[in-house]
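Trainee: This is the structure, below, for whatever I ask next.
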Amino acid sequence: MIENVLITGASGFLGYHLIVAALEKNLSVYAAVRKNSRIDHLKALPVKYVFLDYNDVEDMAEILADNNIHYIIHAAGVTKAVKQQHYNDINAGNSVNLARAAEISKVHFKKMVFISSLAAAGPATDLADTITEQKEPRPVTAYGRSKLLAENELSKLNIPLVTLRPTAVYGPGDKDIFIMLKTVSRGMDPYMGRIAQQLSFVHAADVATVAVQSLFCDAKGVYNITDGNKYGRYEFADITKKILNKKALRFHIPMPLIKVLAYFLETANGWINKPAVINREKLHELAAANWYCDISKAREDLNFKPKFSLTNGLQNSIDWYKKNRLL
């Protein structure tokens, strides 16, 4: 019997990869999108669309029941907002309401995978440290706090649940890390200050694969998701330059200047009630010393075997951007 999976945030970058991974496992995919979502890139895929009102638990429960939804991968959320409450309402409130709907319609429902973020755990402050699932979470941004709130509230519900905390996700179709690729391709390699850093990355296809695998295993709980490696702050650019066969001028912008710019953007955007691309709080995340994770728990419980390192992952991504004439 073919089983049905509901994927939220389906029109987004990660949502696309989740759909592809689910189809590869012969799942029938129901894509939750907004009525104004751009879905041209999904039209070639055999998916059915649903529209969810996250404020109406009963209505969502009816949709889940009517469509015989067996699994949910919840990837919808907001990464930029003006106020903490808006992050909480979307990232935590909507997630909990969807899970409650699944509780009501549990005749068919089997499991939910919640896509959280490593931001919910927060960075390590010491370069010698490693982020594990057992460490007390210390998020440093409103986004991270909202994801942690969602994790805590979801854990109180009576549903089979796996929570994934991916680190910086990149891959074909991404817009955020693509900015970094484009900057390097234009001959610039900028950095904030001269701090030492250890970073982690994960390819979207690996996140999607482990998310779908999590539906069919007995594991429950929270799992860090990275490619398993640690990277110095210059490695992303160095690998990119090698793949593109280009040189780029490396320079460091003093942190005091960055903070002034962040304050200006935060204030200016606050006047028009629009989230700033960068703000003072976000600097705590971007300038954190250590985002290196231990993924042994995911390897053991979820059979997580990352396919992409940063080297072959960036090669895969850059090939896609070139093919689509974006780079």
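What follows is calculated from the coordinates using simple rules that are stated; it is not laboratory data. All figures in this text were calculated on a predicted structure; none of them were measured in a lab. Cβ placement follows ideal geometry from the backbone for every residue including glycine, while neighbour counts extend to all protein chains displayed.
Trainee: For Glu103 paired with Leu327, estimate the spin-label separation in nm (one decimal), with each label point 7 Å from Cα along the Cα-to-Cβ line.
Mentor: The answer from the label model is 4.4 nm.
Trainee: Return the long-range amide H neighbours of Arg138 (sequence gap of 5 or more, or a different chain), with a cut-off of under 5 Å between placed amide H atoms.
Mentor: Excluding prolines and chain starts, which carry no amide H, the hits are Gly122.
Trainee: Taking the simple approach of a point 7 Å from Cα along Cα-to-Cβ for both Cys217 and Tyr191, what is their distance in nm?
Mentor: Those two pseudo-labels are separated by 3.5 nm.
Trainee: Provide Rg over Rh for region 186-327; use the alpha carbon set for both Rg and the Kirkwood Rh (inverse mean inverse pair distance). Let's see the in-between values first.
Mentor: Details: Rg = 18.2 Å, Rh = 17.7 Å.
My calculation puts Rg/Rh at 1.03.
Trainee: Which residue fluctuates most in the GNM of the chain (Cα springs below 10 Å): Arg34, Arg145, Arg165?
Mentor: Arg34
Trainee: Continuing with the same structure: Please provide three numbers in whole Å: the alpha-carbon extents of the chain along the principal axes, with the largest listed first.
Mentor: Sorted largest first, the three principal extents are 58, 39, 39 Å.
Trainee: Still on this model: Ranked by Cβ crowding within 10 angstrom, fewest neighbours first, how are Glu153, Glu300, Glu136 ordered?
Mentor: The order, fewest Cβ neighbours first, is Glu136, Glu300, Glu153.
Trainee: Could you derive backbone 3J(HN,Hα) for region 225-233 from the dihedral phi with the Karplus parameters 6.51, -1.76 and 1.60 (θ = phi - 60°), listing whole Hz in sequence and x where the residue is Gly or Pro?
Mentor: 10, 9, 7, x, 10, 10, 10, x, 5
Trainee: Under the rule of -39500 (n - 2.57) per DSSP H run of 4 or more residues, summed and divided by the residues of the chain, what mean residue ellipticity at 222 nm is obtained, to the nearest 500 deg cm²/dmol? Write down the numbers at each step before the final one.
Mentor: On the way: 12 runs with 127 residues, N = 327.
Counting only the DSSP helices, I get -11500 deg cm²/dmol.
Trainee: In sequence order, what are the phi-derived ³J(HN,Hα) couplings for region 65-82 according to the Karplus relation 6.51 cos²θ - 1.76 cosθ + 1.60 with θ = phi - 60°, rounded to whole Hz, with x for glycine and proline?
Mentor: Karplus-based 3J(HN,Hα) across region 65-82 equals 5, 4, 9, 6, 6, 8, 9, 10, 10, 9, 10, 6, x, 10, 9, 9, 7, 7 Hz.
Trainee: To continue, here is another question. In region 1-148, if every C-alpha pair distance is counted and binned at 10 Å from zero, what percent goes to each bin?
Mentor: Bins of 10 Å from zero give 11, 37, 33, 16, 3, 0 percent of pairs.
Trainee: Which FRET efficiency value, to the nearest 0.05, is calculated for Phe264 and Thr79 with the Förster distance at 25 angstrom and r the Cβ-Cβ distance? Mind showing how you got there, number by number?
Mentor: Details: r = 21 Å, r/R0 = 0.85.
For R0 = 25 Å, the calculated efficiency reads 0.75.
Trainee: Right, next: So how do 254-263, 122-131 stack up, highest first, on mean other-Cβ count within 10 Å? Present the calculation step by step, with values, prior to reporting the outcome.
Mentor: Values: 254-263: 13.8, 122-131: 15.7.
The packing order, highest mean first, is 122-131, 254-263.
Trainee: Work out from phi, with θ = phi - 60° and the Karplus expression 6.51 cos²θ - 1.76 cosθ + 1.60, the ³J(HN,Hα) of each residue of region 309-323, listed in order in whole Hz, and give x for Gly and Pro.
Mentor: For region 309-323, the Karplus-derived couplings read 8, 5, 5, 6, x, 5, 4, 4, 5, 5, 4, 5, 5, 5, 4 Hz, x marking Gly and Pro.
Trainee: Just tell me which lysines come within less than 27 Å, Cα to Cα, of Lys220; anything on the same chain fewer than 8 places away is out.
Mentor: Correct list for Lys220: Lys25, Lys106, Lys110, Lys111, Lys135, Lys147, Lys156, Lys230, Lys297, Lys305, Lys307.
Trainee: For Tyr49, which sequence-distant residues (separation of 5 or more, or a different chain) have an amide H within less than 5 Å of its own amide H, given hydrogens modelled in the peptide plane?
Mentor: The answer is Ala31.
Trainee: Let me ask something else about it. Using only Cα atoms, tell me the angle between helix 176-185 and the longest principal axis of the chain; keep it within 0 to 90° and round to the nearest 10.
Mentor: 30 degrees
Trainee: In debye, nearest 20, what is the charge dipole magnitude of region 166-214 about its Cα centre with +1 on Lys and Arg Cβ and -1 on Asp and Glu Cβ, if you could check?
Mentor: Values: 4 positive and 4 negative charges, 40 e Å.
That gives region 166-214 a dipole magnitude of about 200 debye.
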